[in-house]
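Report on the structure given below.
Please treat every number below as a calculation from the coordinates, not as lab data. Since the structure is predicted, the reported quantities are computational estimates derived from the model, not experimental observations. Methodologically, a virtual Cβ is constructed for each residue, glycine included, from the backbone with ideal geometry; neighbour enumeration extends over all protein chains shown.
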């Protein structure tokens with residue numbers, strides 16, 4: 001029996017005892033005998049203080065969950081760097097009319113011969129990206145554009161191919177200027193030099209999203225070469241570059257990434273990059289690049305499963321001007337080649 005119940009029972013006993021002694025004690029002074037009743041009431045009043053104290057203490061654990069919502073908003077603030085890496089691209093405006101005037105494919109231009117040629121050139125590349133080629137290709141969305149020697153038009157071809165692919169309905173394109181020793185992509189596009197690939201590889205505080213450029217061509221982004229570095233070859237062969245390429249290939253698996261790389265016979269950077277590529281397009285200048293140079297260049301990229309040839313600056317019969325021919329083949333050498341409008 002609880003103390004409260006005992007107090008109540010005691011109070012009833014006193015009341016019954018008082019009831020039985022009402023007549024004899026009627027003459028006693030008022031208040032002489034009721035003293036026990038206050039004692040019982042006191043016991044009743046003191047005892048509930050403990051439950052009240054317990055009720056105050058019990059909410060203390062409940063106060064801890066109340067503190068959790070205060071800390072919860074602090075946790076979402078931590079992923080800020082990740083947001084910088086993925087969606088903080090700066091926007092740049094490319095003069096499309098100027099590009100069209102120098103022979104570059106643009107979305108706003110009417111149908112042209114060069115536009116049609118790059119539609120043909122990109123088609124086998126896109127089939128491989130979509131897994132519709134002869135065999136599955138690892139990192140098929142990583143496409144390197146290179147040449148044997150300087151001056152064959154690889155950067156011009158890289159830009160045209162990237163823009164042509166960006167005009168597809170189902171693909172977005174990232175064009176990377178990986179010719180870090182002699183970058184030219186921004187110059188051709190009429191844009192000033194900016195931080196880019198080399199800065200990401202040399203400065204851990206610079207994230208990929210900090211240097212990506214969103215263009216006024218809806219599905220085309222750019223990654224400039226960035227600040228020149230004397231150890232560019234070592235940086236392109238570093239773990240940092242390997243991690244960056246893995247991130248580009250896996251995290252952006254739905255994006256086609258076009259690398260404008262240095263010539264194969266002049267520097268070693270492109271040979272390092274080639275080990276990560278799923279597809280390589282080698283630009284060959286018509287009537288200038290020798291077959292020996294082409295074979296030597298191809299021998300440096302044996303590890304890449306797909307190598308396609310693009311014949312550049314081929315004269316069109318009857319046109320009296322230079323255009324772009326194309327050729328493609330798998331493995332070594334030229335494979336099956338053909339020239340446009342022949």
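Some notes on this structure:
- Projecting label points 7 angstrom from Cα along Cα→Cβ for residue 299 and residue 227 puts them 3.9 nm apart.
- When 256, 145 are sorted by how many other C-beta atoms sit within 10 angstrom of their C-beta, beginning with the fewest, the order is 256, 145.
- Here, segment 218-261 is characterised by an Rg to Rh ratio of 0.99, where Rg is the alpha-carbon radius of gyration and Rh the Kirkwood radius.
- Neighbour-count ranking [beta-carbon atoms within 10 angstrom, fewest first] of 286, 299: 299, 286
- Peptides 307-313, 204-210 ordered by packing proxy, namely the average of other Cβ atoms within 10 Å per residue, highest first: 307-313, 204-210.
- Residue order, fewest to most beta carbons within 10 Å, for 229, 276: 229, 276
- Taking a ≥ b ≥ c as the square roots of the eigenvalues of the alpha carbon gyration tensor, segment 91-213 is oblate, as a/c is not under 1.5 and a/b does not beat b/c.
- Ordering 156-163, 238-245 by mean Cβ neighbour count within 10 Å, with the highest value first, yields 156-163, 238-245.
- Whole-number percent relative contact order across segment 89-338, with pairs defined as alpha carbons under 8 Å at least 6 apart: 24
- If the segment from residue 266 to residue 109 were pulled out straight at 0.36 nm per residue, it would be longer than the present Cα-Cα gap by 53.0 nm.
- If R0 is taken as 41 Å, the Cβ-Cβ distance between residue 315 and residue 90 corresponds to a FRET efficiency of 0.50.
- Working ranking of peptides 170-183, 118-131 by packing, defined as the average number of other Cβ atoms within 10 Å per residue, highest first, is 170-183, 118-131.
- Segment 143-263: translational diffusion in µm²/s, Stokes-Einstein, Kirkwood Rh over Cα pairs, 25 °C, 0.890 mPa s: 169
- Under the simplified labelling scheme, the residue 138-residue 202 pair shows an inter-label distance of 3.1 nm, with each label point 7 Å from Cα along Cα→Cβ.
- Three-way shape call for segment 89-338 based on the alpha-carbon gyration tensor, with the a/c threshold at 1.5: rounded
- Projected label points at residue 292 and residue 188, each 7 Å from Cα along the beta carbon direction, are separated by 2.9 nanometres.
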